[in-house]
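Each reported figure results from applying straightforward, stated rules to the coordinates on display, with no laboratory input. It should be emphasised that the depicted structure is a prediction, and the values quoted were computed from it without experimental measurement. Cβ placement follows ideal geometry from the backbone for every residue including glycine, while neighbour counts extend to all protein chains displayed.
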Amino acid sequence: MALLLTERPGVGKTTVLRAAARKLTGFNLIGFYTEEIRAGRERRGFRLVTLAGKQAIIAHVDLPPPRVSKYGVDVAMIDRFAASLPDSRDAIYLIDEIGKMECLSAAFVEMTRRWIDSGQPVVATVAQRGTGFINEVKRRRDVEVWTVTQATRDTLPDRIVAWIQNAVG
């Protein structure tokens with residue numbers, strides 16, 4: 001079972017997911033969020049940060065191809081990062097994000113499928129547009145898709161907490 005948060009870049013999907021995670025004290029949270037790497041006002045890349053604080057640069061303007069937009073993507077790093085995240089029978093899984101860069105990694109796609117298939121609650125941000133796994137995950141019958149908007153983003157963290165509490169019974 002999964003709850004997917006979607007909308008255009010910059011609307012606040014990551015902020016909503018991180019705010020929900022801060023409210024989920026007492027739960028076994030496993031997952032990560034994506035953080036921009038900036039030099040002044042210019043976005044230079046992206047890093048993944050686990051909820052335990054481990055970090056890995058996955059995309060940067062100075063990295064070689066494959067590329068998504070202007071960013072070279074370190075697919076091997078995403079593979080290692082995905083492989084390092086544990087499975088748990090009592091976990092709440094948080095993923096930010098199911099996006100074009102992350103989906104270049106077969107290990108990331110497999111981890112995400114496994115977590116959704118586990119029956120444990122999964123809350124993930126997902127790209128608004130995309131093909132392949134991005135479309136596949138949004139079409140699954142066992143997922144709900146919520147759109148993050150400026151009007152809803154402040155109330156969504158509490159709604160996510162309620163969704164998780166309902167999911168775990």
Check: Going by the alpha-carbon gyration tensor, a ≥ b ≥ c the square roots of its eigenvalues, is region 102-169 rounded (a/c under 1.5) or, if a/c is not under 1.5, prolate (a/b greater than b/c) versus oblate?
Finding: oblate
Margin query: For the chain, give me the percentage of DSSP beta bridges that are antiparallel, rounded to the nearest 5 percent.
Written below: 45
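Per-residue ellipticity at 222 nm for the chain, helices alone: DSSP H runs ≥ 4 residues times -39500 (n - 2.57), over residue total, nearest 500 deg cm²/dmol? Don't skip to the answer; put the middle values down first.
On the way: 5 runs with 53 residues, N = 169.
Mean residue ellipticity, 222 nm, calculated: -9500 deg cm²/dmol.
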Notebook entry, point to check: Using a Förster distance of 35 Å, how high is the FRET efficiency between Val49 and Thr152, based on the Cβ-Cβ distance and rounded to 0.05?
Noted result: 0.90
Next item on the list: Provide the per-residue ³J(HN,Hα) series for region 75-87, in order, calculated from phi with Karplus coefficients 6.51, -1.76, 1.60 and θ = phi - 60°, each as a whole number of Hz, with x at glycine and proline positions.
Entry: 5, 4, 5, 5, 4, 5, 4, 4, 5, 7, 7, x, 9
Item checked: Summed side-chain charge close to Val68 - residues other than Val68 whose Cβ falls under 10 Å, Lys, Arg +1, Asp, Glu -1 -> +2
Check: Cross-link partners among lysines for Lys70, C-alpha distance below 24 Å, same-chain residues fewer than 8 apart left out?
Finding: Lys13, Lys100
Next item on the list: List, in order, the whole-Hz ³J(HN,Hα) value for each residue of region 9-16 obtained from phi through the Karplus relation with A = 6.51, B = -1.76, C = 1.60 and θ = phi - 60°; use x for Gly and Pro.
Entry: x, x, 7, x, 4, 5, 4, 4
Item checked: J(HN,Hα) series, region 153-162, from Karplus relation 6.51 cos²θ - 1.76 cosθ + 1.60, nearest Hz, glycine and proline x -> 5, 6, 8, 5, x, 5, 5, 5, 4, 5
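Taking the Cα centre of the chain as the origin, how large is its charge dipole in debye, to the nearest 20, when only Lys and Arg (+1) and Asp and Glu (-1) carry charge on their Cβ atoms?
On the way: 25 positive and 19 negative charges, 79 e Å.
Computed charge dipole of the chain: roughly 380 debye.
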Check: Relative contact order (percent) for the chain, with alpha-carbon contacts under 8 angstrom and 6 or more residues of separation?
Finding: 33
Margin query: Given the options Trp163, Val61, Ile92, identify the residue whose Cα lies farthest towards the positive end of the charge dipole of region 58-169 (+1 on Cβ of Lys, Arg; -1 on Cβ of Asp, Glu).
Written below: Val61
